[in-house]
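The structure appears right after this line, and notes come after that.
The values are calculated or read from the model by the stated rules, or taken from the named source; none is laboratory data. All values derive from a computational prediction rather than experimental measurement. Here Cβ is always computed from backbone atoms with ideal geometry, including for glycine, and neighbour counts include all displayed protein chains.
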């Protein structure tokens, strides 16, 4: 896996929903973290391809969402993609509860 830092559009779109991620960091995930988890959710094909092997005993969901950082078009169109992905994740997380 790789670390990438925070995308400024992600910070802005989350702030619209009242969630401050501005102090979050991108860190590498190791196998020990996986073994301490009950559920692992991967969000895009790149993550599924590059994640360490997830133990069979851990529930794993893969949500094949478009990476909004790869969106093309105008700045308004790119930002709209960040909103769409945020909203999709929000709906899916709500269904988990």
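Structure above, values below:
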| item | result |
| --- | --- |
| For residue 9: the one exception among (1) touching a helix residue (DSSP H, G or I) at 6+ places or on another chain (Cβ under 7 Å); (2) assigned to a helix (DSSP H, G or I); (3) closer than 20 Å to residue 61 by Cα | (3) |
| Members of region 12-50 that are modelled with pLDDT under 90, in a helix (DSSP H, G or I) and closer than 22 Å to residue 78 by Cβ | 45, 46, 47 |
| Residues (in contact (Cβ under 8 Å) with a residue 24 or more places away in the chain, surrounded by 13 or more Cβ atoms within 10 Å (Cβ to Cβ) and farther than 13 Å from residue 80 by Cβ) located in region 7-24 | 7, 10, 14 |
| From 93, 53, residue being surrounded by fewer than 15 Cβ atoms within 10 Å (Cβ to Cβ) and at pLDDT below 85 | 53 |
| Failed condition for residue 72, given (1) free of Cβ contacts under 8 Å to residues at least 24 places away in the same chain; (2) loosely packed, with under 15 Cβ neighbours inside 10 Å; (3) closer than 19 Å to residue 16 by Cβ; (4) touching a helix residue (DSSP H, G or I) at 6+ places or on another chain (Cβ under 8 Å) | (3) |
